[in-house]
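Have a look at the structure below before the remarks.
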Amino acid sequence: MNWQQIEPWEYVIVAVASEYHRKFEMVELEDIKQSLYEWFAKHPNKVAEWEKIGNKDAKNLIYRSLRNHALDYCQKWKAKSTGYDVSDVYYYESDVVEALLPSVLRGEYGVTHKLNLGRPGRPSAPSEGGNLSVMMMEIDSAYWKLSKEDRKILFFRYAESMDYKEISNYLSLGSDDAARMRGNRAVKRLVNKLGGFRPFLDKDLQEEVSETPDEFVESEERSHDDEWEQASEDSL
């Protein structure tokens, strides 16, 4: 294990391990940290290539991958210790949450028929059969765990059907884009309150890698630049 490569990112490991220990109290903090060290041991090329991009982008990308790895590790440990199959875990997607938010925030619980809101090859809902009412109640419970600011922008957007220009003017955010970004981040935080996004398969880069294309850097920055900011608010 290359400790010289790991040392600059030790603070990220500690932050991620602490965050997921709070979410999965049955998993020892040191065990989570050890699994994150193992991630570094398995992805030396990826870390080295990200560090070439720049410290800020490397931090966001490493944080994202460690968080993904910690969720996967803790889910598997919890499944093993409590006797269920990790494949039974349902992960909410942003589009599913956004589709249900208007009814949830308006208190429209009259629709009780079963609706498959899952994806091919995945469990259809958090409870057997995809019961819509259960999903709505879980979203409602998670909504009230958000900050007042996040609840406000989600309510304006999904309960009052306000567009981002109206929200921007009402909250004095300066622009439609600023309101849209706030709304997107609030949805992501809501999904995290519901258990977080599905872990992705994280492979190391090949030993010989060509120079990272500009479009890759821009794409990764757009996708993950806000993840460290969100984690800092919740974890550090």
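The values are calculated or read from the model by the stated rules, or taken from the named source; none is laboratory data. These numbers come from a predicted model, not from an experiment. Cβ: placed from backbone, ideal geometry, glycine included. Neighbour counts: every protein chain shown. Accessible surface is based on the protein model in full, side chains and every heavy atom, while ligands, DNA and RNA are left aside. Shrake-Rupley method; radii C 1.70, N 1.55, O 1.52, S 1.80 Å.
Here are the numbers for this structure:
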| read-out | value |
| --- | --- |
| Qualifying residue in segment 191-204 (condition: over 16 Å from the mean Cα position of the chain (by Cα), outside any helix (DSSP H, G or I) and modelled with pLDDT under 90) | yes |
| Matching residues, segment 152-169, being without any contact (Cβ under 8 Å) to a residue 40 or more places away in the chain, out of contact with any helix residue (DSSP H, G or I) (no Cβ under 6 Å at 6 or more places or on another chain) and farther than 12 Å from Arg182 by Cβ | Glu160, Asp163, Glu166, Asn169 |
| Subset of segment 139-154 [open to solvent by 30 Å² or more (accessible area, probe 1.4 Å) and more than 10 Å from Ala186 (Cβ to Cβ)] | Asp140, Ser141, Trp144, Lys145, Lys148 |
| Some residue of segment 53-61 being β-branched (Val, Ile, Thr) and open to solvent by less than 10 Å² (accessible area, probe 1.4 Å) | no |
| In segment 1-46, residue surrounded by the fewest Cβ atoms within 10 Å (Cβ to Cβ) [restricted to those that are part of a helix (DSSP H, G or I) and among the polar types (S, T, N, Q)] | Gln4 |
